[in-house]
DNA sequence: AGTACCACCTGACGGC
DNA sequence: TGCCGTCAGGTGGTAC
């Protein structure tokens with residue numbers, strides 16, 4: 001599930017439950033997810049989690065007298081905090097044990113994401129070509145970015161090097177709310193429409209965070225809860241249709257979103 | 001540069 | 001019930 005809003009919810013969980021706690025030890029269940037050596041990771045032992053940050057779909061943990069740890073969740077990752085008398089969650093790939101009490105698991109069903117050390121969120125973003133977080137962009141910056149980009153609008157929204165955080169699901173939501181067809185070429189989108197898109201992008205992402213990225217708590221007119229072929233469009237009498245873009249399933253309302 | 005497609009890896013779901 | 005194909009919210013690499 002993890003796009004920007006999901007990762008923001010994960011970050012808040014980590015923040016609420018683990019800031020200031022000293023890491024006693026850690027356990028790796030899925031080796032492939034871990035991108036740093038044991039030797040390096042062992043240095044987190046005995047140190048506190050000082051703060052958290054998020055950029056796009058990446059979550060960063062600042063650990064005292066250490067660099068930072070960066071968490072990426074792939075398609076099926078999440079985090080879960082649990083107490084000493086609770087069981088470790090299913091598909092836990094990595095877990096921290098805290099000195100005081102409690103545990104934090106990084107869960108990954110498909111073993112896609114990544115956990116590794118990095119110098120800082122900014123350095124990591126620089127090295128990995130991760131654009132500004134979608135919620136940190138001013139309208140002017142957003143317009144500037146779109147000017148640099150060619151091709152379809154959905155591709156632009158999902159281009160993590162252009163702006164970071166938006167994935168397949170939320171791009172569909174933003175585009176239907178802005179009444180833009182995902183394949184609409186940027187050259188055909190005027191400034192008024194681009195500004196509307198910026199507004200919708202912010203609205204959707206903020207609303208999703210507000211409801212803890214829980215689709216069932218989204219407002220009634222959202223696409224996400226009815227993102228299935230043949231479901232009723234939240235805006236008109238039409239039906240939701242599935243199309244493919246670069247091999248990925250993409251849901252639209254053909255009458256609300258025209259090419 | 002943009003787009004399509006494959007690979008990574010495994011689970012969930014629908015059809016037979 | 002069980003097997004099989006298909007698909008899945010991400011990213012990276014390749015090829016056109």
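Structure data summary
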quantity	calculated
Those strands (runs of 3 or more DSSP E) lying entirely in region A:1-99 with at least 1 residues surrounded by fewer than 20 Cβ atoms within 10 Å (Cβ to Cβ), in the same structural domain as residue A:112 (by TED's automatic domain parsing) and touching a residue at least 60 places away in the same chain (Cβ under 8 Å)	A:23-28, A:49-55, A:77-82, A:92-98
Criterion (touching a helix residue (DSSP H, G or I) at 6+ places or on another chain (Cβ under 6 Å) and farther than 23 Å from residue A:54 by Cα) met by exactly one of A:225, A:234	A:225
Boolean, residue A:106 is buried (at least 19 other Cβ atoms within 10 Å of the Cβ), assigned by TED's automatic domain parsing to the domain that holds residue A:55 and at pLDDT 95 or above	yes
Candidates A:180, A:218, A:223, A:175, filtered to the one that is free of Cβ contacts under 8 Å to residues at least 12 places away in the same chain and within 19 Å of residue A:3 (Cβ to Cβ)	A:218
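The values are calculated or read from the model by the stated rules, or taken from the named source; none is laboratory data. All of these numbers come straight from a predicted model, not from anything done at the bench. When we count neighbours, we look across all protein chains shown, and the Cβ atoms used for this are built from the backbone with ideal geometry, even at glycine.
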